[in-house]
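Where a number appears in this text, it was derived from the coordinates with a stated rule and is not lab data. Keep in mind that this is a model prediction, so the values were computed, not measured. Note that each Cβ is placed from the backbone with ideal geometry, even for glycine, and that neighbours are counted across all protein chains shown.
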Amino acid sequence: MGTLTYDSTITAEFDDRTLAHLQVVIWSKLRRGEHFAFTFGNEAPPAQRTSVWCSPTIPMVFRFDEPDPPELNVRWLELLTKSANSAGGLRPLPEPEATS
């Protein structure tokens, strides 16, 4: 499990593959100076949901358990980007089958 730390105060766990895809989408938006909401939850009791405002001025740290990055699923990146560009903001989504 990898971790995303937001503003040194909030830490969320994601499997490394999910975290790598979220990192690409988040960095792409922040690199362009775009602000957006990011909502994620945990399934461990008690179930919780957290929403944060992502801005280029707020520090985020992505820490992975695996030393090598996974091969990225372009279709998943497109779906996550579409989510990030929506009024509801970025949400982790299940990985779709990769297109050939």
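Taking the criterion of being aliphatic (A, V, I, L, M), surrounded by 16 or more Cβ atoms within 10 Å (Cβ to Cβ) and not in a helix (DSSP H, G or I), the only residue of the stretch 5-26 that qualifies is A12. Checking each residue of the stretch 34-52 against the condition of being buried (at least 19 other Cβ atoms within 10 Å of the Cβ), in contact with a helix residue (DSSP H, G or I) (Cβ under 8 Å, 6 or more places away or on another chain) and not aromatic (F, W, Y) gives no match. Tell me yes or no: at least one residue of the stretch 69-89 is among the small types (G, A, S) and not in a loop (DSSP other than H, G, I, E, B). Yes, the stretch 69-89 contains at least one residue that is among the small types (G, A, S) and not in a loop (DSSP other than H, G, I, E, B).
Checked against (1) more than 10 Å from the chain's Cα centre (by Cα); (2) closer than 22 Å to S86 by Cβ, S8 passes all but a single condition, namely (2).
Please determine whether any residue of the stretch 52-67 is among the hydrophobic types (A, V, I, L, M, F, W, C), in contact (Cβ under 8 Å) with a residue 24 or more places away in the chain and not in a strand (DSSP E or B). Yes, the stretch 52-67 contains at least one residue that is among the hydrophobic types (A, V, I, L, M, F, W, C), in contact (Cβ under 8 Å) with a residue 24 or more places away in the chain and not in a strand (DSSP E or B).
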